[in-house]
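The structure under discussion appears below in the form of structure tokens.
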Amino acid sequence: MPLSPLFSPRRLLGATGFAAAHIGCGDLADRAVPLEHCVATARRALDAGLNLIDTAPAYENGYSEEIAGRALRESGLRPRVFLIDKVDLPDQPAEPQIDASLRRLGLDYTDAFVIHGLSTMDGWSRAAAPGGTLEQIGAAISAGKTRFRGISSHHPDVLAAAIPSSLVDIVLFPLGPFVDERYFREILPLARKHRVGTVCFKTFGAGKLLGNTEGYQKPLSGRPRGKLSSDATDAAPHDLPRLSVEECLHYTLTLDPDVALLGLSFPDEQDAAFAAARSFRPLGDLEMADLRTRARAAIAGKGPCWWNPAAS
């Protein structure tokens, strides 16, 4: 039975004219789960009122696109959902990548194609140059294959160059209790100033903030027992520092991106996120600072945080 709608559009996504709910649906794919179950889970999110979906060819080798496309076709909600797909290989022609994505989606168009993981200044220069990937996505807009363009990035310098360039309509970047502070101190205000839509990920630090993982459910490896605990001599894994779903999501929502993009591949993940979103209240400065401090402890020793630029 479909859920009663829990969410409604909150505000426009930059200058796109699309009114988005404050959380979006990402990470739809798990090849260990049958397609029908994944589609049903995606539709469950749509039934709850979420109206932005993010996908990419690289997510489970196209499986995410298959799920997203089928969920939108079967639900009849395609005109009311903002669908973001990606160009994974910016140094290769964009048109065949876009056409292949549309075939996997089973759709005629997306709402945006963004360059995936564009995180170096050299990469940005090539993408923004005449004839580069952004111009090629512009040609796809003219051809009716998509409506907007943008980038996904793990580097504030790239985002700082892209946002005022007039070449991007939306940007995707990290925002959560453990991210480089430039993302929320500089990049988020810059995007608001230029009316570029913000769709933000890493609220849970790839799962590192919530549990004992090196990211995306990958178990900790080579970690001496108790190393991350205040009691380094006798700590069980459940004693490792962590934050709650509610704390992480309330932190991101307090920063107020247009959309907080969450991994919602399973009903229990959805239920936890929906409950946290319903209980949201803006946090004060001291609460935000405390969560940043606790996040540093929760993420310590859990492998690289690839969404932050390397320290100089």
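Consider a paramagnetic label point 7 Å from the Cα of Met121 along Cα→Cβ; state which residues of the stretch 148-162 have an amide N under 13 Å from it.
In the stretch 148-162, the label zone of Met121 (backbone N under 13 Å from the point 7 Å along Cα→Cβ) covers 156-162.
Counting each pair of different Cα atoms once, what's the Kirkwood radius of the stretch 51-116 in Å, rounded to one decimal? Don't jump to the answer; show the numbers that get you there.
Working: mean 1/r = 0.0858 Å⁻¹.
After inverting the pairwise mean of 1/r, the radius is 11.7 Å.
If I model a spin label as a point 7 Å beyond the Cα along the Cα-Cβ vector, how far apart are those points for Phe280 and Ala58 in nm?
2.7
In the chain, what percentage of the DSSP-assigned beta bridges are antiparallel, given to the nearest 5?
Values: 4 of 30 bridges.
Antiparallel: roughly 15 percent of the beta bridges in the chain.
Across the chain, where is the longest run that never hits chymotrypsin sites (Phe, Trp or Tyr not before Pro) in a DSSP loop with at most 14 other C-beta atoms within 10 Å?
Longest gap between qualifying sites, sites excluded: 1-215.
Given axes a ≥ b ≥ c from the Cα gyration tensor, I'd like to know whether the stretch 152-201 is rounded (a/c under 1.5), prolate (a/b larger than b/c) or oblate.
Numbers: a/c = 1.67, a/b = 1.65, b/c = 1.01.
Since a/c reaches 1.5 and a/b is larger than b/c, the shape of the stretch 152-201 is classed as prolate.
Report, to the nearest 10°, how far helix 63-75 tilts away from the longest principal axis of the Cα atoms in the chain, using its own Cα long axis and a range of 0 to 90°.
Value to nearest ten degrees: 70.
Specify the angular offset, from 0 to 90 degrees and rounded to the nearest 10, of the alpha carbon long axis of helix 267-278 from the longest principal axis of the alpha carbons in the chain.
Tilt of helix 267-278: around 90 degrees.
Taking 8 Å as the Cα distance limit and 6 or more residues as the minimum spacing, I'd like the relative contact order of the chain as a percentage.
RCO, the chain: 18 percent.
Place +1 on the Cβ of every Lys and Arg and -1 on the Cβ of every Asp and Glu in the stretch 1-144, take the dipole about the Cα centre, and give the residue among Gly14, Gly123, Leu134 whose Cα lies farthest towards its positive end.
Most positive-ward Cα: Gly14.
Select from the stretch 23-54 those trypsin sites (Lys or Arg not before Pro) which occupy a DSSP coil region and have at most 16 other Cβ atoms within 10 Å, ordered by residue number.
On the way: sites: Arg31, Arg43, Arg44; in loops: Arg31.
Here the sparse-neighbourhood loop sites are Arg31.
Hey, what number do you get for the chain at 222 nm if only DSSP H runs of n ≥ 4 count, each worth -39500 (n - 2.57), divided across all residues, to the nearest 500?
Helices in the chain give a 222 nm mean residue ellipticity of -10500 deg cm²/dmol.
May I ask for the angle, rounded to the nearest 10°, between helix 285-299 and the longest principal axis of the chain, with both axes built from Cα atoms and the value confined to 0 to 90°?
80
From the alpha carbon gyration tensor of the stretch 61-200, can you work out the equivalent ellipsoid semi-axes (sqrt of 5 times each eigenvalue) and give them in Å, largest to smallest?
The equivalent ellipsoid of the stretch 61-200 has semi-axes of 25, 18, 13 Å.
Read-outs: derived from the displayed coordinates by stated rules, not from any lab. These numbers were taken from a predicted model, which means no experiment stands behind them. Neighbour counts run over all protein chains shown; Cβ positions are idealised from the backbone, glycine included.
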